[in-house]
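A short worksheet on the structure shown next.
Derivation of every value follows stated rules applied to the coordinates shown; laboratory data play no part. Note that this is a predicted model, so its numbers are computed, not measured. Don't worry about glycine lacking a Cβ; one is built from the backbone with ideal geometry, like all the others, and counts go over all protein chains shown.
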Amino acid sequence: MTSRLIPESRTRRLNDHDPVDGKYVLYWMRHSQRSEQNHALEFAVRRANDLGKPLLVAVGIGDDPSVRTERQMRFQLEGLHETAGALQRRNIAMVVRKESPIDVATELAGDACEVVCDRGYLRHDRQWVDRLRREADRPVWQIESNVIVPVEMASDDREYAARTIRSQLQEAAEQTLGELATTPIDNAADGLSINGIDLDDLDTCVQSLDLDHTVAKCDEFDGGTSQARSRLNAFLKDSLDEYRDDISVVRPHCSMLSPYLHFGQISPLKVALEVRQAGGNQESTAEFIEELLVRRELAINFVHYDSDYDGLDCLPDWARKTLQKHESDARPEHYTASELENGQTGDPVWNAAMTEMRCRGYLHNHLRMYWGKRILAWTNTIQHAYRVTLDLNNKYFYDGNDPNSFANVAWVFGNHDRAFGERDVFGKVRTMTTSGLDRKIDTDAYVRAIAERFAASTA
């Protein structure tokens, strides 16, 4: 069912200021970088209509801890270019600037009647929104649109496993799943003149930014809502029925939507609704919704409620203690951070996975888990293992620096998991071995496929 209703559970007013007679309503776009199925955008349209003003959407792309590489930035800008065109067709202005996101927001808030922002969950996102709330002497609203279930609606505390949050999320999702209709803007933004970067020249823009330019764009992934829709449609048509039983990492039956969800280029509600309505295999549909709803939003719960989400202090006591107990265990193999990054280990499967990360910006979930567990086995301290795993994850993956990134790395060290039989190095933390991976996938075929596909890149 399509509705224009924006539930109160997605809406927070962050201060008590009255509106001022500004030039526009400002929507500071961060985590929902799309023109459709975006609760923050539609809320901002309605506030602009209520106040008789045009709407300005603003994005800052400089000095952003969430976007560190040329690969990630190019993908983001491709999406923003498409979003800007879609907003223009709705008579809404959009500006993208090279300054930091919070500096762009606070500067443009000075001429706004009110400010609307979407919601992120990482430490810097919360700090930036708190600064905006304090510095803006006009109303600031925060609208949550990049989750199926608003984080506090799902739980008011940190959850420690999927089993402890699953029922709450599934029950709440029945209330929150629904199509969001667009609201026409009453006052066109034609008269606004706000300087920003030229999104028609992405090459020049990307090269001018302070990024890690050694991690370049991959040809396989183009950013934008239309690209996300195409991938979703292809998944529904060709892969959904095989999703649950998928064991291939060479030609996997995956949606490949994680980069688009990370940048908010497609709505998770839209994805869930289309998957449900596709009429596919019930078990595969349920498994996909489990990943999209339960696993993804468990990760958001984790970073929202645990301020130590990027370090060892986030681990449960049993995991931290058992890893510390076994920290001095002999490692049969040991590799430096540089050797790991360059895929120079004695494990051809792991090396292939690292090559795929570097060259493609993607890795199948089976391999992501194995990749992280072997780093723990090969490094001499827990702290070093944690830092190397997180740094490589956030450097090479398109969806790096996401709540899922921090949750997945923490899982390698025992978070969101239970204790297993004690063994060397890992203690009671779950391990993954090459022989175990062999039982899940055809590792020989994977190594051959990666060698053939990326031969020129690794020569």
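In a reduced charge model with +1 at each Lys and Arg Cβ and -1 at each Asp and Glu Cβ, the chain shows a dipole moment near 560 debye about its Cα centre. Seen against the Cα atoms of the chain and their longest principal axis, helix 382-396 is set at about 50 degrees. With the charge dipole of the chain set up from +1 on Lys and Arg Cβ and -1 on Asp and Glu Cβ about the Cα centre, the Cα lying farthest toward the positive end among the listed residues 433, 187, 227 is that of 433. Stokes-Einstein diffusion for region 190-247 at 10 °C, viscosity 1.306 mPa s, with a Kirkwood radius from C-alpha pairs, works out to 103 µm²/s. Would you please calculate the Kirkwood hydrodynamic radius of the chain over all C-alpha pairs and express it in Å, rounded to one decimal? Answer for the chain: a Kirkwood hydrodynamic radius of 23.1 Å.
Would you please state the base-10 log of I(q)/I(0) at q = 0.18 1/Å for region 80-210, with intensities from the Debye formula using one equal scatterer on every alpha carbon? Cα-only, vacuum Debye calculation for region 80-210: -1.22.
Starting from one equal scatterer on each C-alpha and no solvent at all, send me the Debye-based log10 I(q)/I(0) for region 232-286 at q = 0.27 Å⁻¹, two decimals. At q = 0.27 Å⁻¹ the computed log10 ratios are -1.15. Each of 87, 25, 105 was placed along the dipole of region 2-146 (beta-carbon charges, centred on the mean Cα), and the one lying farthest toward the positive end is 87.
So how far apart, in nm, are the two label points at residue 18 and residue 308 if each is 7 Å from Cα heading toward Cβ? Going by the 7 Å Cα→Cβ label model, 4.7 nm.
In the chain, the longest principal axis of the Cα atoms and the axis of helix 296-305 are about 80 degrees apart. Stokes-Einstein diffusion of region 312-458 at 20 °C, 1.002 mPa s viscosity, Kirkwood radius from Cα pairs, rounded to a whole number: 138 µm²/s. Taking the DSSP bridge list for region 2-146 and keeping only pairs wholly inside it, about 15 percent are antiparallel. Note on region 265-310: Kirkwood hydrodynamic radius from all Cα pairs is 11.8 Å, rounded to one decimal. Think of each Lys and Arg Cβ as +1 and each Asp and Glu Cβ as -1; about the Cα centre, that makes the dipole of region 2-146 roughly 320 debye.
Annotation for region 345-415 versus region 163-183: alpha-carbon center distance of 30 Å. Note on region 312-458: dipole from Cβ charges, positive end direction compared against 401, 450, 323; the farthest Cα belongs to 323.
In the chain, helices alone account for a calculated mean residue ellipticity at 222 nm of -14000 deg cm²/dmol, with every DSSP H run of four or more residues adding -39,500 (n - 2.57).
In the chain, the longest principal axis of the Cα atoms and the axis of helix 39-51 are about 10 degrees apart.
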